[in-house]
Amino acid sequence: MDLKTTPVEKSRISEVDFESLDFGRIFSDHMFEMVWDKGSWGEPQIKPYGPISFAPALNVLHYGQAVFEGMKAYYVNKETINLFRPEDHHKRLNQSCWRMCMPETDYEIFIAGLEKLLQLDTEWVPRKKGRALYVRPLMFASEEYIAARESGRYHFYIMTCPVAAYYNEGFNPVTLTTPDKFVRAVKGGTGEVKTAGNYAASFRPAREAREKGFTQVLWLDAIENRYVEEVGTMNIFFLIGDTLVTPQLSGSVLNGITRRSVIEIAKKENLAVESRRITIDEVLEAGKKGQLREVFGSGTAAVISPVRLIHHAGQKIDIGDGNIGPLAKKMFDTITGIQYGELDDPFNWTRPVKITNKSKISQTE
Ligand code: COI
């Protein structure tokens with residue numbers, strides 16, 4: 001597909017310190033843009049990343065009709081950049097659009113835009129393992145109209161940014177606490193899709209968790225306040241005895257793509273894996289009996305994030321010896337090994353993008 005392209009006059013890359021990348025703060029030279037108006041999508045285009053101008057009546061600012069995705073591209077070698085499960089991310093983006101009453105996009109256009117961005121911004125893909133080019137597709141209601149109803153216009157962007165680890169802890173274990181007065185989502189709500197408001201609503205509980213000295217919130221279900229759902233920006237796994245348990249997709253849990261990858265790897269390794277309801281009491285009990293061998297989160301931004309401590313209602317459970325557990329390490333090594341093209345990809349998760357302009361690659365390896 002031939003996309004209308006306006007390249008930057010001068011790249012900003014020389015201003016970037018790839019040795020100290022703050023997650024989500026630095027953006028590559030180009031972005032993809034497509035506008036839906038009067039019932040259909042207009043011509044997609046690639047243009048320089050930069051400000052867009054709207055009046056304060058912009059619908060999304062008032063009612064939050066916005067969806068996004070988070071995916072990553074990985075440097076393999078001078079010829080190849082790997083996208084990880086782009087089709088799954090695009091499918092979930094369309095599911096989010098459906099729930100938020102927004103127009104869906106075609107995969108062909110999405111992937112063509114993404115590949116073109118990677119060709120243009122090859123140099124922005126970090127070379128070092130542990131770093132990647134984070135890809136953020138975003139759609140929002142862009143009609144300048146403040147009635148509370150679905151918008152008549154939408155803007156869709158794909159922007160990319162070179163990133164390192166999401167948490168300050170890197171791959172080191174984090175700590176979690178259940179919130180004492182907040183809930184995240186209910187079945188039938190929007191908890192299972194990636195819409196902006198889900199995250200805005202989590203900032204107050206996340207701040208309170210941080211003020212108490214914990215890294216993130218461990219969400220419980222909103223009805224009985226007993227069933228574990230997910231963590232602020234990740235899904236969650238418990239290794240209890242020899243079984244890997246993760247909360248089932250109850251309608252209020254995000255259908256994480258890294259979560260899916262962990263389950264598929266576990267099954268391939270013949271590890272017993274259960275996606276089911278699990279109460280916080282069961283987790284604490286398993287901890288007290290010494291059966292809670294490991295806990296880790298999974299997510300695109302976080303990859304695999306080991307958990308060393310869970311706090312709930314005045315009780316604290318230390319997990320394992322406080323270090324990264326062997327299963328979390330195995331999952332991390334397998335997923336990142338596939339992503340960076342170091343391991344075979346028996347699941348067919350990666351989409352290699354062949355780089356045609358080799359002169360672009362100048363960062364040192
Ligand atoms: C991701 O893991 O990519 C996410 O979208 C989480 C985000 C809030 C950083």
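Read-outs throughout are calculated quantities, based only on the coordinates presented, and are distinct from any laboratory measurement. Because the structure is predicted, anything quoted here is derived from the model rather than measured. Here the Cβ positions follow ideal geometry from the backbone for every residue, glycine too, while neighbour counts run over all protein chains shown.
Taken over the range 247-270, the criterion of being away from the ligand (no atom under 16 Å from the Cβ) and touching a Ser or Thr at 6+ places or on another chain (Cβ under 8 Å) is satisfied by Pro247, Gln248, Leu249, Ile263, Ile265. Sub-8 Å Cβ pairs linking a first residue in the range 280-292 that is touching a residue at least 60 places away in the same chain (Cβ under 8 Å) to a second residue that is surrounded by 21 or more Cβ atoms within 10 Å (Cβ to Cβ) and of a type in the set (Phe, Trp, Tyr), at least 6 apart or interchain, are Ile280/Tyr227, ordered by first then second residue. Each residue in the range 245-274 was checked for being within 22 Å of Asp333 (Cα to Cα) and among the small types (Gly, Ala, Ser), and 4 of them qualify. Checking the structure you have, find out if any residue of the range 16-25 is within 16 Å of the ligand (Cβ to nearest atom) and in contact with a Phe, Trp or Tyr (Cβ under 9 Å, 6 or more places away or on another chain). Yes: one or more hits. Checking each residue in the range 302-329 for being surrounded by 15 or more Cβ atoms within 10 Å (Cβ to Cβ) and of a type in the set (Lys, Arg) picks out Arg308, Lys329. Within the range 316-348, the set of residues being among the β-branched types (Val, Ile, Thr) and either more than 22 Å from the chain's Cα centre (by Cα) or farther than 16 Å from Gly299 by Cα (or both) comprises Ile317, Ile319, Ile324. Scanning the range 130-168 for residues that are closer than 16 Å to Met34 by Cα and more than 16 Å from the ligand (Cβ to nearest atom) turns up Ala141, Ser142, Glu143, Ser151, Gly152, Arg153, Tyr154, His155, Phe156.
Scanning the range 276-301 for residues that are crowded, with 17+ Cβ neighbours inside 10 Å and more than 16 Å from the ligand (Cβ to nearest atom) yields Ile278, Ile280, Glu282, Val283, Leu284, Ala286, Gly287, Leu292, Arg293, Glu294, Val295. Looking at the range 1-37, which of the residues that are basic (Lys, Arg) and farther than 16 Å from Pro51 by Cβ is surrounded by the most Cβ atoms within 10 Å (Cβ to Cβ)? Looking at the filtered set, the residue picked out is Lys4.
Of all residues in the range 238-279, none satisfies the criterion of being hydroxyl-bearing (Ser, Thr, Tyr) and without any contact (Cβ under 8 Å) to a residue 12 or more places away in the chain. Of the candidates Glu108, Glu87, Glu69, Glu104, the single residue that is acidic (Asp, Glu) and either under 23 Å from Ala201 (Cβ atoms) or within 12 Å of the chain's Cα centre (by Cα) (or both) is Glu69.
Could you please give the count of residues in the range 15-31 that are aromatic (Phe, Trp, Tyr) and over 16 Å from Asp121 (Cα atoms)? Total satisfying the criteria: 1.
Okay, residues lined up against (1) out of contact with any Pro (no Cβ under 7 Å at 6 or more places or on another chain); (2) away from the ligand (no atom under 16 Å from the Cβ):
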residue	(1), (2)
Ile304	yes, no
Leu309	yes, yes
Lys316	yes, yes
Gly320	yes, yes
Ile324	no, yes
Lys329	yes, yes
Gly341	yes, yes
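With respect to (1) crowded, with 22+ Cβ neighbours inside 10 Å; (2) in contact with a helix residue (DSSP H, G or I) (Cβ under 7 Å, 6 or more places away or on another chain); (3) of a type in the set (Lys, Arg), the lone exception for Arg259 is condition (2).
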